[in-house]
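The values are calculated or read from the model by the stated rules, or taken from the named source; none is laboratory data. These numbers come from a predicted model, not from an experiment. Here the Cβ positions follow ideal geometry from the backbone for every residue, glycine too, while neighbour counts run over all protein chains shown.
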Amino acid sequence: MKSCISFCFFLFICCHQCVRAQDNNQKPSIIFIMADDLGWGELGCYGNTFNETPNLDKLAKEGLKFTQAYASAAICSPTRVSFITGQYPARVRITDFLPAKTDRWLDPAKYFTINEALSAGGYHTGMFGKWHLDTDYETNKGGPKAHGFDEVIGTETKYIADGDYFYPYDKIGSFTEGKDNEYLTDRQCSEVQG
């Protein structure tokens, strides 16, 4: 269900922007947000009265809200690989989260991704935050840049584990400097906002 919500927001944004782009004769802007551990019943727009999600509720109110979907997996790595490649996780051999030093990773020589298609269509693409499709552990090849993302901010080069959420970030290749006790999520947000 986690990927269901993410996919719904992606479709909402695409549809909304397509209508606006048709009016302006422009390509639509596409923003895809994937949140780990977010179930459909956790948002106010789907009836939750405990969690306060005003911004997401506003997106749903002003756009399209989908109530039925298929989730390819219930955990991060297979959900991400399914969305980015358009394939079932089993075809890509990523059916569970990817642990440290795994021999499974999204090899750019084997898989064409949605961002590569968007780049070929003239879009400027970016990856901000959690990648978790790993890289070749020995060579560190296969990260977001290798898959054609134009901008990559704050994503892991190998894996994130306990103790990696505060500076110094030994697994975040794009953050070589920082402040003591700086929190990774805060740093990622400030970098993306520029």
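If you go through region 85-117 and keep only what is under 16 Å from His132 (Cβ atoms), at pLDDT 85 or above and acidic (Asp, Glu), you end up with Asp96, Asp107.
Within region 47-60, residues that are surrounded by 11 or more Cβ atoms within 10 Å (Cβ to Cβ) sit with their Cβ atoms under 8 Å from residues that are among the charged types (D, E, K, R), at 6+ positions apart or across chains, in these pairs: Asn48/Glu42; Asn51/Glu42; Thr53/Glu42. Pairs needed: first member in region 26-38, within 20 Å of Ile114 (Cα to Cα) and touching a residue at least 24 places away in the same chain (Cβ under 8 Å); second member anywhere, basic (Lys, Arg) and outside any loop (DSSP other than H, G, I, E, B); C-beta distance under 7 Å; at least 6 residues apart or different chains. The qualifying pairs are Met34/Arg80; Asp36/Lys2.
For region 99-130, the tally of residues that are in contact with a helix residue (DSSP H, G or I) (Cβ under 7 Å, 6 or more places away or on another chain) and closer than 16 Å to Ile31 by Cα stands at 8.
Each row is one residue, and each column tells you yes or no for (1) modelled with pLDDT of 80 or more; (2) in contact with a Lys or Arg (Cβ under 8 Å, 6 or more places away or on another chain); (3) not assigned by TED's automatic domain parsing to the domain that holds His132; (4) not acidic (Asp, Glu).
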position	(1), (2), (3), (4)
Gln22	no, no, yes, yes
Ile31	no, no, yes, yes
Ala35	no, yes, yes, yes
Glu42	yes, no, yes, no
Asn51	yes, no, yes, yes
